[in-house]
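Here the structure comes first, spelled out in C-alpha cells, and everything after it is commentary.
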Amino acid sequence: MKQGFCAFVFSILAAVALAELPVETVPKVEALPAKYPDSWIFAHDFNFNTLIAGKIILVDTAAETREYKGAIDATQFASFVASSKNNSELYVGDTFYSRSTSGVRTDVISIYDKATLNKTGEILLPKNNRAQIVASKYLLRLIDRDRFLLVFNFTPAASVTVIDTRKRMITAEISLPGCSLIYPTGKRGFSSLCGDGSFFTVQLNRKGEPTRRSSSASFFSVDEDPVFDKPVYIGMTAYFVSFKSKVYEVNMSGNEPEVKGSWSLVNEAQASQNWRPSGWQIATGDDDELVYVVMSENGYDGSHKYGGEEVWVVNVNDRKLIQRIPMQTPAFSIELTSGSNPLLIVTNVNMLMDVYDLDGKLQRTLSLGDTATPIALHAQR
Amino acid sequence: MKQGFCAFVFSILAAVALAELPVETVPKVEALPAKYPDSWIFAHDFNFNTLIAGKIILVDTAAETREYKGAIDATQFASFVASSKNNSELYVGDTFYSRSTSGVRTDVISIYDKATLNKTGEILLPKNNRAQIVASKYLLRLIDRDRFLLVFNFTPAASVTVIDTRKRMITAEISLPGCSLIYPTGKRGFSSLCGDGSFFTVQLNRKGEPTRRSSSASFFSVDEDPVFDKPVYIGMTAYFVSFKSKVYEVNMSGNEPEVKGSWSLVNEAQASQNWRPSGWQIATGDDDELVYVVMSENGYDGSHKYGGEEVWVVNVNDRKLIQRIPMQTPAFSIELTSGSNPLLIVTNVNMLMDVYDLDGKLQRTLSLGDTATPIALHAQR
Amino acid sequence: MKKLDRLVEYASRKLAQRSSRRSLLTGLGAFLFGAAAVPLLPVARAAGESSGGYPGVGAQTTGRTDDPGDPTSCDYWRYCAIDGYLCSCCGGSASSCPPGTEMSPITWIGTCLNPADNKNYIISYNDCCGSVSCGRCFCNRNEGDKPTYRPQSNNDINWCLGTQSAVYTCSAAVILGVKTDQ
Amino acid sequence: MKKLDRLVEYASRKLAQRSSRRSLLTGLGAFLFGAAAVPLLPVARAAGESSGGYPGVGAQTTGRTDDPGDPTSCDYWRYCAIDGYLCSCCGGSASSCPPGTEMSPITWIGTCLNPADNKNYIISYNDCCGSVSCGRCFCNRNEGDKPTYRPQSNNDINWCLGTQSAVYTCSAAVILGVKTDQ
C-alpha cells in the first residue's frame, strides 16, 4: 500500500512537471449575448482628432474586468441608435467616400447585429444628405416600437427620412421648414425644434408616410434663453433645459407636443452665482421621475459647452432639487444606465468615463482608448 | 497754412477713427512655391491611433512661424515618396475600402502637386497587393531621375511593381524570392534584402521591364546580428547598420550591390555598455560623408525600437565617431534636411519634432498635431 | 527589459494628468478633447511659452495693430464662436484655407469684438474641407452660439457643405464687415 | 471668459509632460505613441493602480496558475514580441478577437518564456481585422523581432492578410505549442 501510494504521488508530480499550456485554436472570435445586461451602454467615440473614423463602443459600466465588450465603426459625424432590448439591431448613420476623404460620397444606414457586432445590412440614403452634426441622440431615432427609423438630414435644407426597418426601405422624406432634429411624438410621429422656438410636428401612417403636419406656437426665446436641443425623455414626457436653467416640461404623447409648464433649476442665490447647465449631453433621466443635469457655476454667454462641476438631480413631480452630486472631474456628458439599479455614467472633460453610484460615489474610471472622445452616451432601452 | 495743416491732421485722425478692418474675400486657399526650400521636410504622421487615416505633413523646420505648410492624406499603412527638387509630384501608396474599413478594396498610387497639394491623378494597383508595413522610405522609391516609381508588395508573397511616372502606367511586376523592400541600385534597378542576409537585385531597361536578376552571397547573420532594413544612402553608397552596431558599407552604383566592408560604431568600452542603435528611422546622412545614428545604452534583445538618448555622428571616410549629440528627449526617428546648411530633425519618443543644429543645440520643438505620430521623415532630394 | 522601466514615471504622470482631482483646474479638458492645451492667458505665456498659443506651434501676428493678437492662439479676437482646428496652425491663415483643401461657401456666423477699435465684426466661420482633420490647435469658443435649430449661429454642424468633399479639415474666421446696428 | 482660466494649469502640466527634459524617464513614450502609459512594474501598481496594467482598464486573469499575469498588461509573458493594441482590452482575449472582427490566418511568430513552467512557448500573433484601430492598451515588445526581410519574425507588418478586410483592429497572442529544441 505504502509503495503504491508513493507511486501514485510520484505520477502526479510527474504530470504536473510535464504539463504545459494547451495549444489554442484559431480562428476564434468572441460573441455577445443577444440581450445585453442593463449596465451595458454604448459610448460614441466621435474621434475628434480623426473625424472620419469614429466608433460606437459597448461598455459594461458595472464590470471590474472585461468592461470593453466590443466596438462597431461609426464614420465621420456618424449618428447612432440601438433598437430596444427586445430587438437585435444597431443602426449607424454613416458617410463614406470612395477615396477616404474625396471621390464619390455614399451615405447609408449601416445595420449591425447585437450578438455578433457583424454588419448585417445597409440602407442607402440616395440623396447623400445625412446631417453631419456632432453626435447627439436626436439625429437618428426609432419610433413605433422600432418599426420606423428617422434620419435627420441637413444640406442646409432640413428634412427627415423615414425608413421601414422591417422592409429596410425608405418610405418618405419630409421637408422641415427650418427646423432641427427628431423628437419622437405621439403614436407614430416626431417633432423638430424650429428657429423661432416652436415645434413642427409630423405624424405618420402605418406605411411610414406623413399624414399630419402641424406647427406649435413659440414657447421660449431663442435669443434670450434658448433651450438645449438635447432634452431628457421620461416616458413620453420631454424635459428641455435652457441655457439659463429653465426646464420646460413637454408632453410628447399626443399628436402634437403640449408644453405643460416650466420652472427654474436654480433658486435666487444660485441664479446670482450663475449656476447654469454646461456640457454636451447635459442631461439624462431615470425611468420614473428624476432628471439629472450637468451644472456649472459662474456661467456666461458662451459657457454652455465647457462641462460642469456638479450633477443636479431634480424630481419632476414636485420640481425640487433633491441632490447635488459633486464631480471628481467636471462632467461633459452624462447618462443613466437602464433598469431598477442605475449607475450615473459620466464622460468627464478629460474624455475619461467616470462611473458613479446614485449616492454620488465614484465607482471607477474607464479609459475607452488613448485618444477616444466618447462624447455621446446611449443607455439600453 | 496753419489752419490748412490742422484740417489735414484732423482728416487723418478722422480716417483712423473710422477705419475698420477690410472685408476679406472668400473663398481663399493658400498655395506653395513650386520648389520648396531645403529646410522643408515631409513628416509622415502614421496616426497610430486611427491607422486608416494618416497624413504627410509638410514642415518648414527652420521657421519660427507658419512652420506647418500643409498636409496630404496618406491612408492606412501608406507609403510615400516625393519627387526630387526639380520635379513637381508627390506619390502616396494608399489603400481604400468602399465602406471605410470593409467592402471593396482599392489600392492606388495617389499623385499630388507640390505647389497646390491638390490630387492630380492616381494609378490603380489592380492586384491590391501593396505592402502594408509601418512607414519606411524603402516601401516606395523613385529611380532613374524619377522616371520609374517602385512599389513594394507583400501578401505575404513579395514583389515589386514598376510604374512609369511619365506615362502613369505599370510596366512590370517583379516577383521576389522572399526578399523585402526597395534599395535603388545601379542606373535603373533595385535590390531587396532577403531572409538569408543576401541581396536580390533587378535591373530594368528603358521601358521599365526587368532585364537582369541576380542574387548576392549572404553578407551578415540574420540570426546573430541582423541589419536594420532602413539604410542610409550617401550618393549611391548605402550604409546598413546592425542591431549590434556594425556598419556595412555597400556600393549600390553598379548592376549589383558590392559590400565594401564593415566596421563597428562602438569601441570595446561602448560595446560592453551595450550602446546600440534603437528607434524607428534610426539613421540618416548628409550629402557628403557623415552618417547619423540614434544610439541607446544598455541594449538587449528586443531593445532595438525604443529610441535612443544620443545621436552619433560618424565620418564614413575614416569610419571615426566625430560627435555624440545628447538628445533632450530620446530620439525615435531622425533625418537631416538637405542642402549646404542642414538641420538635424528628430521625432522624439513623445512624438514631438525636435529641431537641432549640427552643434547639437536644440532650436525648437514642434507639435504636428495633438495625436500625431510622425514616425517617418523625408528630406527634400 | 530595463528600458521598460522608463515607462513607470511616464505612466505616473500621465495617470495624474488624466485623473486629477483638481477638477476646477482641468475643467476645460473637454474643450481640448484631451489634446495639447491652449494657454490663453498672459500668465501661461510668461511661464515659458515662447512659441505661441499652443505648445509646439509657432506664434503668428497679423502684422496690423488694428488686428491684434496671435491667429494661432484660441484667444485671438476673431475666434469668439469658433469650434475646430485653427487653419492658421494647419497651413492656412485666419481667413484662408490650407493648400489642397476647399473653403466651404456655406458658413456659420459670429459677432466678435475687436479690442483694437472696440467694434463688433461679423465673422464668417468658413470650414476648410477635403482632407483629414488637421489635428492642430483645437479651439472651441461659443459666444452667441445657439443650438442647431438656429443653424447659422451653431458651430456643432459640419459646415463642409457645398464643397466637393464634406470631410472637415479646419476652420477659418473671415471678416464680413462691421456690425452696424450698435 | 473665466472658465478659460482652467486651461492654464492644464496647459502647464501638458507642456511639462510632452517636453520633459528628464529624457531617461520618458524614453518609452515612443513605445506608447504618446498614448496612455503602461505601468509594467510592481512599483507602478503599488503607486495606486488598482485597475490593471493600463490606467482606466480593468485587470484580468487567465484563471490558471500556470498561465500567470494580466492579459491586459503589456508585461504579460505571451506578449514578448507583440506590436499593437491588446485584444484583451478590446472585447477579445489574449487568444481571441473582439466580436465583429476577423482573425487573420497569417501571422508572425514569437518565442516567449512562461515564468510558471519555465518553458518557451511558440506564440502566434494573430491580428484581428475589419474595424478601426481599437486604440486601447498599445503594447510593443520585440524579443526576437527581426526586420521585414524575415517577415515571419517581424511585427511591423500589418498581418491582416487573408482576411476580408486588411484594416487592423488589435493583436492576439495564441499558444501554438512548446518549443521543443531546448
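For the range B:197-215, which positions are buried (at least 19 other Cβ atoms within 10 Å of the Cβ) and hydroxyl-bearing (S, T, Y)?
If the condition is that a residue be buried (at least 19 other Cβ atoms within 10 Å of the Cβ) and hydroxyl-bearing (S, T, Y), then B:S198, B:T201 are the ones that fit.
Which number in (1) within 29 Å of C:T107 (Cα to Cα); (2) surrounded by fewer than 22 Cβ atoms within 10 Å (Cβ to Cβ) marks the one condition that A:I234 misses?
All conditions pass for A:I234, except number (1).
Does B:S218 fit the bill of being among the polar types (S, T, N, Q), in contact with a Gly (Cβ under 6 Å, 6 or more places away or on another chain) and surrounded by fewer than 19 Cβ atoms within 10 Å (Cβ to Cβ)? Let's see the steps before the verdict.
Details: among the polar types (S, T, N, Q): yes; in contact with a Gly (Cβ under 6 Å, 6 or more places away or on another chain): yes; surrounded by fewer than 19 Cβ atoms within 10 Å (Cβ to Cβ): yes.
So B:S218 passes the test.
Looking at the range A:302-316, which of its residues are under 14 Å from A:Q273 (Cα atoms) and out of contact with any strand residue (DSSP E or B) (no Cβ under 6 Å at 6 or more places or on another chain)?
A:S303
All but one of (1) more than 10 Å from chain D (Cβ to nearest Cβ); (2) in contact with a helix residue (DSSP H, G or I) (Cβ under 9 Å, 6 or more places away or on another chain); (3) of a type in the set (V, I, T) hold for A:T371, so report the exception by its number.
All conditions pass for A:T371, except number (1).
Which of the numbered conditions does B:V291 fail, given that it passes all the others? Conditions: (1) part of a strand (DSSP E or B); (2) touching a Pro at 6+ places or on another chain (Cβ under 9 Å).
It is condition (2) that B:V291 fails.
Residues are listed down the side, and each one gets a yes or a no for (1) among the acidic types (D, E); (2) surrounded by 24 or more Cβ atoms within 10 Å (Cβ to Cβ); (3) within 22 Å of B:R99 (Cβ to Cβ):
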residue	(1), (2), (3)
D:D117	yes, no, no
D:T148	no, yes, no
D:N154	no, no, no
D:V167	no, yes, yes
D:A172	no, yes, no
D:L176	no, no, no
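Restricting attention to the range B:51-82, report how many residues are of a type in the set (F, W, Y) and within 12 Å of chain C (Cβ to nearest Cβ).
Going residue by residue through the range B:51-82, those that are of a type in the set (F, W, Y) are B:68, B:77, B:80.
When the remaining residues are screened for being within 12 Å of chain C (Cβ to nearest Cβ), the result is B:68.
Qualifying residue count, the range B:51-82: 1.
Restricting the search to the range A:294-318, which residues are in a loop (DSSP other than H, G, I, E, B) and of a type outside the set (G, A, S)?
Correct list: A:E297, A:N298, A:Y300, A:D301, A:H304, A:K305, A:Y306, A:V316, A:N317, A:D318.
Residue check: is D:S133 within 13 Å of D:C97 (Cβ to Cβ) and in the same structural domain as D:G56 (by TED's automatic domain parsing)?
Taking the combined requirement at face value, the residue does not satisfy it.
Regarding the range B:92-103, can at least one residue be identified that is at pLDDT 95 or above, within 18 Å of the chain's Cα centre (by Cα) and polar (S, T, N, Q)?
No, there is no match, as no residue in the range B:92-103 is at pLDDT 95 or above, within 18 Å of the chain's Cα centre (by Cα) and polar (S, T, N, Q).
Residues of the range B:83-101 being within 14 Å of another protein chain (Cβ to nearest Cβ) and either crowded, with 21+ Cβ neighbours inside 10 Å or among the small types (G, A, S) (or both), which ones? Explain how you work it out, then say what you get.
So in the range B:83-101, the residues within 14 Å of another protein chain (Cβ to nearest Cβ) come out as B:88-90, B:92-101.
Once the filter is applied, which keeps residues that are within 14 Å of another protein chain (Cβ to nearest Cβ) and either crowded, with 21+ Cβ neighbours inside 10 Å or among the small types (G, A, S) (or both), the range B:83-101 yields B:S88, B:L90, B:V92, B:G93, B:D94, B:T95, B:F96, B:Y97, B:S98, B:S100, B:T101.
For the structure I just gave you, tell me whether C:N158 is within 21 Å of A:T95 (Cα to Cα) and more than 9 Å from chain B (Cβ to nearest Cβ).
Taking the combined requirement at face value, the residue satisfies it.
Quick check on D:G69: is it within 7 Å of chain A (Cβ to nearest Cβ) and modelled with pLDDT of 95 or more?
Working: within 7 Å of chain A (Cβ to nearest Cβ): no; modelled with pLDDT of 95 or more: yes.
Spelling it out, it is not the case that D:G69 is within 7 Å of chain A (Cβ to nearest Cβ) and modelled with pLDDT of 95 or more.
Looking at the range C:126-143, is at least one residue in a loop (DSSP other than H, G, I, E, B), at positive phi and touching a helix residue (DSSP H, G or I) at 6+ places or on another chain (Cβ under 7 Å)?
The answer is yes, given that some residue of the range C:126-143 is in a loop (DSSP other than H, G, I, E, B), at positive phi and touching a helix residue (DSSP H, G or I) at 6+ places or on another chain (Cβ under 7 Å).
Output the residue which, of all residues in the range A:177-189 that are away from chain C (no Cβ under 14 Å) and not small (G, A, S), is surrounded by the fewest Cβ atoms within 10 Å (Cβ to Cβ).
A:K187
Within the range A:371-379, is even one residue modelled with pLDDT of 95 or more, more than 18 Å from the chain's Cα centre (by Cα), outside any loop (DSSP other than H, G, I, E, B) and buried (at least 24 other Cβ atoms within 10 Å of the Cβ)?
Our first condition is that a residue be modelled with pLDDT of 95 or more; within the range A:371-379, this holds for A:371-379.
Filter again for more than 18 Å from the chain's Cα centre (by Cα), leaving A:371.
Pick out the ones that are also outside any loop (DSSP other than H, G, I, E, B) and you get none.
No: the range A:371-379 contains no residue that is modelled with pLDDT of 95 or more, more than 18 Å from the chain's Cα centre (by Cα), outside any loop (DSSP other than H, G, I, E, B) and buried (at least 24 other Cβ atoms within 10 Å of the Cβ).
Filter the range B:193-250 for residues that are among the hydroxyl-bearing types (S, T, Y) and touching an Asp or Glu at 6+ places or on another chain (Cβ under 8 Å) and give the result.
The answer is B:T201, B:S214, B:S216, B:S218, B:T237, B:Y239, B:S242.
Take the conditions surrounded by fewer than 21 Cβ atoms within 10 Å (Cβ to Cβ) and away from chain C (no Cβ under 14 Å) and apply them to B:E335. Does it pass?
No.
So A:A271 fits all but one of (1) more than 23 Å from A:C194 (Cα to Cα); (2) surrounded by 20 or more Cβ atoms within 10 Å (Cβ to Cβ); what number is the exception?
Status for A:A271: all satisfied but (2).
Here is a list of conditions, (1) in contact with a Cys (Cβ under 9 Å, 6 or more places away or on another chain); (2) in a loop (DSSP other than H, G, I, E, B); (3) closer than 21 Å to B:K305 by Cα, and D:T148 meets all of them except one; can you say which number that is?
Result: D:T148 passes all but (1).
From the list A:N251, A:N255, which one is free of Cβ contacts under 8 Å to residues at least 40 places away in the same chain and under 21 Å from A:P184 (Cβ atoms)?
The unique qualifying residue is A:N251.
Which condition breaks for B:I41 when tested against (1) among the aliphatic types (A, V, I, L, M); (2) in a strand (DSSP E or B); (3) within 11 Å of chain C (Cβ to nearest Cβ); (4) more than 30 Å from A:S110 (Cβ to Cβ)?
The single condition B:I41 does not satisfy is (3).
Consider B:D229 carefully, then state whether it is acidic (D, E), in contact (Cβ under 8 Å) with a residue 24 or more places away in the chain and crowded, with 21+ Cβ neighbours inside 10 Å.
Considered against the rule, which asks whether it is acidic (D, E), in contact (Cβ under 8 Å) with a residue 24 or more places away in the chain and crowded, with 21+ Cβ neighbours inside 10 Å, B:D229 comes out as yes.
Mind checking which residues of the range D:97-125 are assigned to a loop (DSSP other than H, G, I, E, B) and either within 14 Å of the chain's Cα centre (by Cα) or within 10 Å of chain A (Cβ to nearest Cβ) (or both)?
If the condition is that a residue be assigned to a loop (DSSP other than H, G, I, E, B) and either within 14 Å of the chain's Cα centre (by Cα) or within 10 Å of chain A (Cβ to nearest Cβ) (or both), then D:P98, D:P99, D:G100, D:T101, D:S104, D:P105, D:T107, D:A116, D:D117 are the ones that fit.
Considering only the range A:162-247, give the strands (runs of 3 or more DSSP E) lying wholly within it that have at least 3 residues that are aliphatic (A, V, I, L, M) and closer than 17 Å to A:I143 by Cβ. Even if it seems obvious, please write down each step before you answer.
Working: elements: A:169-175, A:179-185, A:189-194, A:199-204, A:210-215, A:232-234, A:237-241.
Answer list for the range A:162-247: A:169-175.
From A:L344, A:L321, A:L362, A:L358, grab the single residue that is touching a residue at least 12 places away in the same chain (Cβ under 8 Å), more than 22 Å from A:W275 (Cα to Cα) and either within 8 Å of another protein chain (Cβ to nearest Cβ) or in contact with a strand residue (DSSP E or B) (Cβ under 7 Å, 6 or more places away or on another chain) (or both).
Exactly one residue qualifies, and that residue is A:L362.
Across the range B:105-138, what is the total count of residues that are within 9 Å of another protein chain (Cβ to nearest Cβ) and among the β-branched types (V, I, T)?
Looking only at that region, the number is 5.
The values are calculated or read from the model by the stated rules, or taken from the named source; none is laboratory data. Predicted model only: the values in this text are computed from it and were never measured. Note that we place each Cβ from the backbone using ideal geometry, even for glycine, and neighbour counts take in every protein chain shown.
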